[in-house]
Amino acid sequence: MSKSDASEIFARYSPFIRDFIYKNNWQSLREVQLRAADVIFNSENNLLISSSTASGKTEAAFFPILSMLESEGRDSFGVLYIAPLKALINDQFSRLEYLLDESDIPVFHWHGDVPTAHKEKWIKKPCGILQITPESLESMLINRRNDIPRIFGNLRFVIIDEIHTLMGFDRGGQTKCIIERISSLIGFSPRRIGLSATVGDTSLAAKWLGEGSGRDTEVVDIKEKGIVWKLAVQHFFADGAPGPQTEPKNSEEAVEMLSGSFETTDSSQEAPPADAASEFVYDATARKKCIIFSNSREETEHVTATMRQIAEKRGDPDRFYIHHGNLSAAIREETEIVLKSDAINTACATVTLELGIDIGKLERIINIGSPNTVTGFLQRIGRSGRRSEPSEMILVFREEPILPNAPLYQLIPWELLQAIAIIQLYIEERWIEPPFSKAMPMSLLFHQTLSAAVSSGSLSPAKLAGRVLSLSPFRNVDKNDYRDLLVDMIKRGYLQQTEEKELICGEKGERLAGNFKFYAVFKDSEDYTVRIGSEEIGTITSVPPVGDRFALAGHVWEVEEIDVPRKLIYVKRVKGKMEISWPGDKGEIHTKILKRMKRVIEEDIIYPYLMPNAAKRLNDVRQLNKNTRFTECGIIPLVNMSYVMFPWLGTRSVRTFRRFLKFKCASKLGLTQIEQDSCYYLTYKAENCSPRELALFMKNYIDRNEIRMSELVGENEHPIYEKYDDFISQKLLLKSFYTDKLDFTESKERINEIDAETRKQQAAFQQQK
């Protein structure tokens with residue numbers, strides 16, 4: 001935009017916005033702010049804003065919206081801000097309070113940690129901005145449906161923050177259903193504004209954002225120019241022995257510019273510590289404000305306890321804090337406050353600190369293991385390096401020692417390869433995973449049907465179907481399938497048919513919807529709250545007996561008393577380090593990452609961010625491939641009639657491939673024990689079937705037959721993936737499973753490759769003979 005355009009935009013901002021800009025010494029408006037303001041001021045369209053972390057997305061949306069809101073009526077909420085995390089809402093609430101200090105626009109936040117008295121006060125006179133989670137909004141729709149027109153009667157904008165965390169998941173579908181249900185109740189569709197730093201395909205994201213709104217969606221996509229990262233990757237074996245590897249004395253020496261070289265000190269003559277990886281991580285946090293990210297709550301607890309043990313052993317003060325979803329609000333908020341301060345401390349965290357919370361100037365991110373996605377990697381590295389400083393990250397890998405008789409697939413450092421592939425995909429292509437949309441979200445459909453029945457009272461089947469199936473997440477659901485769902489819900493008692501042939505919520509449905517956990521569509525568990533006296537520590541799933549110990553919040557606790565009816569555990573703190581576990585899964589990995597992992601093994605590039613141990617470990621696997629050529633072999637014999645197959649496919653495709661082997665090949669060829677580890681490899685046993693015979697059979701089968709996904713599920717299966725899958729009939733659940741969880745397209749391509757690879761293997765073997 002030209003300077004005159006920028007001046008025009010600035011002039012249209014409200015005086016309190018202009019004062020805020022002057023007060024904070026902004027020299028100019030950023031491109032994202034100018035382009036977003038142009039769309040918001042000069043059109044009636046939706047808007048997707050995609051730009052990097054700390055680029056000013058929030059201000060880009062709120063500056064023009066608040067300027068327009070200031071002149072509007074004040075008899076309802078004018079802006080609805082939806083965010084996936086309470087912490088993000090709390091953070092944005094503080095930022096907006098500061099921004100709105102000189103205006104008369106109020107801002108309210110609403111989630112499970114906000115006192116009921118505050119909510120009741122705000123709801124009596126709705127005005128300004130409401131910040132809320134999808135679950136709290138669902139509760140409002142169920143319990144205050146008749147009041148929705150008063151609460152949102154003049155709603156102008158719906159802002160959805162961090163939309164990449166919602167697309168492709170039931171929680172995102174729920175969010176869209178809620179917005180569309182509100183729009184129906186108030187008689188019009190407010191404009192939608194989506195915000196994200198990591199959208200893979202902005203056209204698909206814009207389509208997702210705009211569906212059901214009746215509006216066009218414009219995109220403001222600001223690409224980073226000249227990205228500069230300080231990035232390092234290091235590897236350790238769990239026994240602490242570096243072998244021929246070279247360890248740097250100080251991790252500071254290893255973190256250089258992405259394009260630079262590494263200067264490390266050879267300490268191979270020194271005895272390594274028992275847990276070299278943990279000592280390395282501890283040293284990497286010295287004198288810097290950091291976050292140590294882990295991929296699970298269990299790992300986060302272990303890392304926190306280990307860091308505190310090292311600090312105690314060295315006589316250092318405890319500067320480590322913890323943050324994950326099973327901790328109390330007080331503990332999480334303490335960690336957030338500490339990170340926002342100028343103190344040099346470190347937070348050990350899961351995805352809960354991955355999103356756009358303003359946590360001040362972080363100097364370094366440490367990641368234990370590999371992120372599962374490019375999106376996750378970018379979110380994490382984007383946490384550091386704000387305010388014109390380059391982002392800085394160290395990825396640390398800790399691998400179990402390799403046994404002398406380990407099979408080939410256990411000699412490969414899969415996580416290290418995955419991390420390199422993720423980094424290279426973004427460096428080379430700026431590639432990010434595209435969003436995925438479910439065609440048959442049956443768990444969400446059950447939930448929204450019951451929600452509609454609870455909030456609406458009695459409805460005819462046709463009216464209930466029209467109300468629910470008109471919501472955009474269900475646009476592909478067959479009406480006959482929905483009829484089957486309604487019939488099954490009546491049979492099971494979740495719905496009830498009246499004498500007038502209308503549907504109301506049944507007894508079981510009332511019990512289910514009457515629990516506050518119903519508002520969430522993501523899986524939860526029957527957690528027990530852990531307390532020391534009156535102070536809440538967090539929640540755990542498995543209840544240990546009195547006298548036993550467990551880890552939580554980075555400490556160890558001994559159980560003193562269990563209150564089963566109230567689901568309370570009273571504890572005392574003791575010294576030591578223990579493990580703990582929660583249910584959950586790692587999510588899906590995209591095929592493109594697996595294919596890039598294969599290239600990482602095959603190419604000779606020396607990536608500049610690899611520290612000596614990691615470079616040596618990569619060189620080892622490359623040498624292994626030169627000796628065995630496993631990336632060129634479709635199927636490799638092991639011992640005891642066992643075989644391994646490397647699909648180089650993502651989670652959904654490998655899941656399908658395994659089922660193809662099980663349902664179409666196993667009985668004909670005598671295959672047994674068909675197993676998979678993540679999506680890295682498949683193993684099976686075959687007594688009288690060579691790799692070439694299997695490859696030829698698969699190739700002939702796909703050439704002669706059309707593979708229907710319905711043929712790749714068992715009659716007695718009941719696959720549970722989503723929260724309400726248990727409430728779905730087997731027939732509908734299986735159809736939903738093979739529609740949204742299976743995809744044979746990439747598997748078919750891989751079978752053709754395996755056919756060529758085994759043909760080449762056989763020819764080479766015969767030539768040797």
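The values are calculated or read from the model by the stated rules, or taken from the named source; none is laboratory data. Keep in mind it's a predicted model, so treat the numbers as computed, not measured. Cβ atoms come from the backbone with ideal geometry, glycine included; neighbour counts cover every protein chain shown. Areas reflect the complete protein model, heavy atoms only, side chains present, ligands, DNA and RNA absent. Shrake-Rupley method; radii C 1.70, N 1.55, O 1.52, S 1.80 Å.
The table below gives the values:
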quantity: Ser139 - accessible surface, heavy atoms, 1.4 Å probe, Å² rounded to 10; calculated: 30
quantity: Relative pair counts by distance (%), Cα atoms of the chain, 20 Å bins; calculated: 14, 44, 35, 6, 0
quantity: Fully extended contour minus Cα-Cα distance, from Met68 to Glu499, at 0.36 nm per residue; calculated: 150.1 nm
quantity: Value of Rg to Rh for the range 485-558 (Rh from inverse mean 1/r over Cα pairs, i.e. Kirkwood); calculated: 1.25
quantity: Hull shadow area, averaged, the range 331-452 [alpha-carbon convex hull, nm²]; calculated: 13.1
quantity: Surface accessible to a 1.4 Å probe, per residue, for the residues of the range 500-577, Å²; calculated: 56
quantity: Positive-pole candidate from Pro608, Asn625, Ala666, dipole of the range 572-727, charges at beta carbon; calculated: Pro608
quantity: Qualifying GluC sites (Glu not before Pro) in the range 665-743, DSSP loop, other Cβ atoms within 10 Å at most 14; calculated: Glu687, Glu706, Glu715, Glu717
quantity: Alpha carbon centroid spacing (whole Å) that separates the range 697-726 from the range 11-30; calculated: 58
quantity: Computed over the range 594-684, Kirkwood Rh from alpha-carbon pairs, angstrom; calculated: 14.7
quantity: Of all accessible heavy-atom area on the range 394-515, the percent that carbon and sulfur account for (1.4 Å); calculated: 49
quantity: Between the range 442-468 and the range 90-149, the Cα center-to-center distance that results, in Å; calculated: 26
quantity: Percent accessible area from carbon and sulfur atoms, the range 56-101, protein chains only, probe 1.4 Å; calculated: 46
quantity: Ellipsoid semi-axes in whole angstrom, largest first, where each is sqrt(5λ) of the Cα gyration tensor of the range 557-635; calculated: 47, 19, 12
quantity: Kirkwood Rh and Cα Rg combined as Rg over Rh, evaluated for the range 107-241; calculated: 1.12
quantity: Farthest toward positive dipole pole in the range 190-241 [+1 Lys/Arg, -1 Asp/Glu at C-beta], among Phe236, Gly200, Val220; calculated: Val220
quantity: Isotropic mean projected area of the C-alpha convex hull, the range 287-373 (nm²); calculated: 5.7
quantity: Value of Rg to Rh for the range 652-744 (Rh from inverse mean 1/r over Cα pairs, i.e. Kirkwood); calculated: 1.00
quantity: Accessible area of the range 9-49 divided out per residue, in Å², using a probe of 1.4 angstrom; calculated: 48
quantity: Heavy-atom accessible area per residue - the range 283-357, 1.4 Å, Å²; calculated: 36
quantity: Fraction of accessible area attributable to carbon and sulfur, the range 544-620 (%, probe 1.4 Å); calculated: 51
quantity: Arg398 accessible area, assembled protein chains, probe 1.4 Å, Å²; calculated: 130
quantity: Of Lys125/Lys463; Lys463/Lys501; Lys86/Lys289; Lys595/Lys668, pairs whose Cα-Cα distance is over 21 Å; calculated: Lys125/Lys463; Lys86/Lys289; Lys595/Lys668
quantity: Computed magnitude of the charge dipole of the range 82-158 (debye, nearest 20; Cβ of K, R +1, Cβ of D, E -1); calculated: 360
quantity: Net dipole in debye of the chain [+1 Lys, Arg Cβ; -1 Asp, Glu Cβ; about Cα centre; nearest 20]; calculated: 1360
quantity: Two-decimal log10 I(q)/I(0) for the range 473-607, as the Debye equation yields it once each C-alpha is a single scatterer, q = 0.09, 0.19 Å⁻¹; calculated: -0.60, -1.07
quantity: Separation of alpha-carbon centers, the range 585-643 and the range 656-679, rounded to whole Å; calculated: 23
quantity: Ranked order, Arg652, Arg74 - accessible area, probe 1.4 Å, largest first; calculated: Arg74, Arg652
quantity: Cβ charges +1 (Lys, Arg) and -1 (Asp, Glu), total dipole of the range 1-132, debye; calculated: 220
quantity: Three principal axis lengths of the range 29-119 [C-alpha, angstrom, descending]; calculated: 40, 32, 25
quantity: Gyration tensor verdict on the range 85-179 (Cα atoms; rounded if a/c is under 1.5, prolate if a/b is larger than b/c, oblate otherwise); calculated: oblate
